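This report concerns only the one structure given below.
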Amino acid sequence: MIENSTSNALVELKDLNVKFVSREATVSAVNNVSLTLKAGEVLCIIGESGSGKSVSMRALMRLLPERRTKITGEISVAGKNVLELQGKELSDLRGGTVSMIFQEPMTALDPVYRVGDQIAEAVCRHEGCDREMGLERALELLELVKVPSAERRLKAYPHELSGGLRQRVMIAMALSCRPKLLLADEPTTALDATVQIQVLILLRKLQREMGMGMIFVTHDLGVAAEIADRVAVMYAGRIVETGTVQEVLGDPRHPYTRGMLASTVHGNMRGKDIEAIPGNPPDLRRLPTGCSFAPRCKDVTASCSEALPPEVFMGGGRMSRCLLASAPPDEPKSMAPAI
Amino acid sequence: MNADTNISEPAAPTLTSVQPVDRRDRGGNAQPMLIARGLKKHFPITGGVLNQVVGHVRAVDDVSFSVLKGETLGVVGESGCGKSTLARLLMHLIEPDEGNLVFDGDAVGEVDGLSVRDMRRLMQMVFQDSYSSLNPRMPVQDSVAYGKRVHGATNAEARAAARELLEKVGLDPNLFGPRYPHELSGGQKQRVNIARALVLEPRVVILDEAVSALDKSVEAQVLNLLRYLKQHFNLTYVFISHDLNVVQYISDRVLVMYLGEIVEIGPVDEIYDSPRHPYTRALLASRLSMDPDDRIEEPPLVGDPPNPVNPPSGCRFRTRCQFAEKICEVESPAVTGWRETSEHMTACHMYVEKSGHSMAKAPAPSPAIIAAGKPPVSHVV
Amino acid sequence: MVSASSVEPQALADMQSGPALKVRGYWASVAYRLRYDYLTLFFGGMVILVILSAIFAPLLAPMDPYQSSMINRLKPIGYKDFLLGTDELGRDLLSRLLYGGRISLTMGVLPVVIATLVGGTLGVIAGFVGGKVNMAIMRIMDVFYAFPSILLAVAISGAMGGGIVNGMVSLTLIFIPPLCRVAETATSQVRSLDFVEAARASGAGTFSIISVHILGNVLGPILIYSSSLVSVSILIASGLSFLGLGVTPPEPDWGLMLNTLRQAIYINPVICALPGVAILITSISFNLVSDGLRSAMDVRL
């Protein structure tokens, strides 16, 4: 199925499992994750820390340390089986078909080179042009990501730039090879509110113009609302709910998604308690047998902890891994307005 | 939230959040818990071979405000606006270059006032990074008990107080007390940090981005806990955060900072419903909508905050402000009230009559226009 | 819903629970990890063996290490009663190695212990106080750094004259600067962490902060480093003795023995190599134990 060229999926994950093995314990970071991304689509993976969202992305690019990681399942990107790629093919994938931007651009940029040279080098590596051309293209790219006075910034070192500009430079670098797929790992989390919205709007615009597919990892439902076409909610290494962003945020079918929405703080909840999800996420070394969310779920039934609830498909790519998905319980209390 | 439990005399009209009389009060209900006057801190930047001073980071510049008894004062601003420096100045963890603090009527650090050591017992702080703010080599109950021991309690007393507080913050002392920080989750560590701050029975707790690093579901738990503790221990909070929604949720009054200066301060509803300063408006307009069908199409502000090393002359916001005029470059606006209100103050030439700003001559911008976050376009120069 | 009474149950409702996991202190967890590190355990055993054999040398030594015999010079291993042969003056080599261990180990361990105390204290002070104090202490240490440590040891010993005590003094002096630097680095890292600030915010004094919060966190790195210095110290001490600056004949010392047996290398090379083997085994053991300690203690908690 992976080699099926008729499928128009840009990314296809099937039963992806990622385990980190060490002498003391085995951490099941990602468990049976399956998802698809169509070309030109923006998918947001929403989850809290330890939900496996970043690990899935890194597995997609084979960025995890090979020795301590056990990856099983199928990953295909643009028709290529990522888990079988070797050497040159792999580096073609990493900087050609797929690019990645990170939360902290300072770690992705080399502090001792000017940003112009770094972008030019990335361009030259993929297009085999000379430095002159590379710099020209670097300037174009900086203008594309709306860096003010781009000419001057070409000669700047990363530490001379503000956080927002650094993030733009990193985006420019990621776009230098015209990727088909952009992976974004919380790229706006470390930014200030006024800068975050600028970067989000920029990414949305660039994605549309270049027709890239994008997987955007975030913990912030607000960010997903701004940028996503479709949303996948992860909890304890599993996808618990998928759907379009309108469906998931407007009509959540998994109690975890509902809990996340209810516990997102809003000013108009002042003076009231927030409906927080009690407890803590499970220990990934000792996942419970049934639904991982069962210990924190207020709609829990006896059968929840017996076996892993199946994926319930509700048509149109809508899925929820909950026994009550098709018939959501009546909300006892007024929920925080999700919208 | 305390209106129905308030058994004291009705307070003065401006002090809506006064708690029942606390016997630890020295100055009475109307006396602000904390007054900061003209706080200033410039950090020297050294460079070169001889480590000479090549510039100053103007982290906090002439900041004055007061914190009322029993209220929560939210402090918002972007990174580099000096809000964390402000927290450390309030705690005297760094010495201010200028300015002073008055704690419940007593000047802090002066001869006949309150000593810094005593002030630190009355005012405590919770840090953002729940990991590095706990000693990794100490069981958490000892970390909590430590402050008590410093102030002369016996081991047994300190331990008992620590266990009681752990219970209060929702951690079973038998289960969690003997654990080490690495055996706790982020939210649990932050609960320990809160217990540690409360062990000295402070009046004021400064929460420096205390929930910012937590996951949303845990953040909600901790916010609920903070609300409960405030009531239970009759606390006053200074809540520093970059998250506008959280600040709106928890604060009674809000202080907005930009590049080391106060740009606007006032009751939370006024700030959020009718912000005055262009920066506050932009900040509020940058909040994510949570509605996929109503996305923000145009960024309210362009560019990043400037470097606090060499802030712009005059009004520091003028470089990003669409209303900036000549006067903004020349003169730095004072924090003033508009018309009859003294609660809601802002530092903008547009709100000072005859300031020289073209919009200042006009009558006050109509609330409807401001509430919509849209500038009266006709006045743009 | 909004009143005070509703707040409490909610806050307590999410009382944190969790598995009653076994709580282990830091040092206990280091010991736990060491239990499965067989290499470190083996060489730890070697270190203990060497130390014990030095302590009980008078009981273990088959002969008098000073008793020379002209007819039994440079006999090979296993000759008559001489288990490890004899040296160039016909003294029993095994006894001399056992006794030599006492001096060599003392010269290896004692300077490091003293240097750890002095250098560690200076480094913690420099790191914690910072500013001018830091500058003064660290610049003085830099002066010592300007010379290679062996040269410095030779120079100091040469200036003060030979002998065990002077040798140890010079060794101590050359180990203070690196230990001071390690302590300073570790301290200034810990000092910038929030929990130190939190301790200050609760009104704790400098002494209390250092003893309660700083020491516990810097002791690990300092001890790891100083344990790795023991082998260096043994080697340099042997070098000093070899050059005639440390131990003086006829005292048995591994370095000195290596020196005096050197002339007989063409007559009986195996015997000549034995003191070197003793030095090698001891320093390797100390080194590997120190490495094992490092990996057991360095784990990010």
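The values are calculated or read from the model by the stated rules, or taken from the named source; none is laboratory data. Given the structure is predicted, the values throughout are model-derived calculations rather than measurements. Neighbour counts are summed over all protein chains in view; Cβ atoms, including those assigned to glycine, are modelled from backbone coordinates with ideal geometry. Just the protein is used for accessible areas: all its heavy atoms, side chains included, with ligands, DNA and RNA removed. Shrake-Rupley method; radii C 1.70, N 1.55, O 1.52, S 1.80 Å.
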Count of residues meeting criterion [assigned to a helix (DSSP H, G or I) and surrounded by fewer than 18 Cβ atoms within 10 Å (Cβ to Cβ)] in segment C:261-293: 13
Wholly inside segment B:218-306, strands (runs of 3 or more DSSP E) that include 1 or more residues that are charged (D, E, K, R) and either crowded, with 23+ Cβ neighbours inside 10 Å or more than 7 Å from chain A (Cβ to nearest Cβ) (or both) are B:253-258, B:261-267
Can you spot a residue in segment C:92-114 that is outside any helix (DSSP H, G or I), within 19 Å of C:Leu258 (Cα to Cα) and not polar (S, T, N, Q)? yes
Does A:Ser49 satisfy being open to solvent by 20 Å² or more (accessible area, probe 1.4 Å) and touching a Lys or Arg at 6+ places or on another chain (Cβ under 8 Å)? no
Given (1) without any contact (Cβ under 8 Å) to a residue 40 or more places away in the chain; (2) more than 7 Å from chain C (Cβ to nearest Cβ); (3) surrounded by fewer than 21 Cβ atoms within 10 Å (Cβ to Cβ), B:Leu165 misses just (3)
Please go through segment C:179-194 and pick out each residue that is within 11 Å of chain B (Cβ to nearest Cβ) and of a type outside the set (A, V, I, L, M, F, W, C). C:Gln189, C:Ser192, C:Asp194
So, of the residues in segment B:307-357 that are acidic (Asp, Glu) and part of a loop (DSSP other than H, G, I, E, B), which turns out to be nearest to B:Arg58 (Cα to Cα)? B:Glu331
Given A:Leu64, A:Leu16, A:Leu90, which one is at pLDDT 90 or above and either more than 14 Å from chain B (Cβ to nearest Cβ) or not in a helix (DSSP H, G or I) (or both)? A:Leu16
Test A:Leu191 against the stated conditions and say whether it is within 14 Å of another protein chain (Cβ to nearest Cβ) and more than 30 Å from A:Arg321 (Cβ to Cβ). yes
Unique match (being part of a strand (DSSP E or B) and either more than 12 Å from the chain's Cα centre (by Cα) or modelled with pLDDT of 90 or more (or both)) among A:Val223, A:Val195, A:Val231: A:Val231
When the residues of segment A:141-166 are filtered to those that are crowded, with 19+ Cβ neighbours inside 10 Å, in a helix (DSSP H, G or I) and without any contact (Cβ under 8 Å) to a residue 40 or more places away in the chain, which remaining residue is nearest to the chain's Cα centre (by Cα)? A:Gly164
Against the condition open to solvent by 60 Å² or more (accessible area, probe 1.4 Å) and among the hydroxyl-bearing types (Ser, Thr, Tyr), how does B:Thr85 come out, does it pass? no
Taking A:Cys177 and the conditions (1) over 21 Å from B:Asp215 (Cβ atoms); (2) facing chain B (nearest Cβ under 10 Å), which numbered condition does it fall short on, given that it satisfies the others? (2)
Residues of segment A:82-124 satisfying the condition of being touching a residue at least 40 places away in the same chain (Cβ under 8 Å) and of a type in the set (D, E, K, R): A:Glu104, A:Asp110, A:Arg114
Exclusive hit being free of Cβ contacts under 8 Å to residues at least 12 places away in the same chain and crowded, with 19+ Cβ neighbours inside 10 Å, set C:Ala201, C:Ala146, C:Ala183: C:Ala201
Expected output for segment A:280-294 (first residue of a type in the set (Lys, Arg), partner assigned to a loop (DSSP other than H, G, I, E, B) and open to solvent by less than 30 Å² (accessible area, probe 1.4 Å), Cβ below 8 Å, 6+ apart or cross-chain) is A:Arg285/A:Ala25
From B:Asn135, B:Asn193, grab the single residue that is surrounded by 22 or more Cβ atoms within 10 Å (Cβ to Cβ) and facing another protein chain (nearest Cβ under 7 Å). B:Asn135
Mind listing just one residue for me: the one in segment B:307-339 that is of a type in the set (D, E, K, R) and surrounded by 19 or more Cβ atoms within 10 Å (Cβ to Cβ) and, of those, nearest to the chain's Cα centre (by Cα)? B:Arg316
Positions within segment C:49-61 being part of a loop (DSSP other than H, G, I, E, B) and surrounded by 13 or more Cβ atoms within 10 Å (Cβ to Cβ), in sequence order: C:Ala61
Assess whether B:Ala107 counts as being closer than 30 Å to B:Arg37 by Cα and open to solvent by 20 Å² or more (accessible area, probe 1.4 Å). yes
When the residues of segment A:234-257 are filtered to those that are in a strand (DSSP E or B) and crowded, with 22+ Cβ neighbours inside 10 Å, which remaining residue is nearest to the chain's Cα centre (by Cα)? A:Met234
Matching residues in segment A:258-316 (within 13 Å of chain B (Cβ to nearest Cβ), buried (at least 18 other Cβ atoms within 10 Å of the Cβ) and outside any loop (DSSP other than H, G, I, E, B)) number 9
Restricted to segment B:46-61, and to residues that are within 25 Å of B:Glu78 (Cβ to Cβ) and open to solvent by less than 50 Å² (accessible area, probe 1.4 Å), which residue is modelled with the lowest pLDDT? B:Gly55
Inspect all residues belonging to segment B:84-107 and state whether any of them is within 10 Å of another protein chain (Cβ to nearest Cβ), within 19 Å of the chain's Cα centre (by Cα) and not aliphatic (A, V, I, L, M). yes
It is to be established whether one or more residues within segment C:159-178 are open to solvent by 60 Å² or more (accessible area, probe 1.4 Å) and farther than 28 Å from C:Val47 by Cβ. yes
Among (1) on the phi > 0 side of the Ramachandran plot; (2) open to solvent by 20 Å² or more (accessible area, probe 1.4 Å), where does B:Arg159 come up short? (1)
Qualifying position, being surrounded by fewer than 18 Cβ atoms within 10 Å (Cβ to Cβ), of a type in the set (A, V, I, L, M) and out of contact with any Ser or Thr (no Cβ under 9 Å at 6 or more places or on another chain), among A:Leu83, A:Leu109, A:Leu90, A:Leu60: A:Leu90
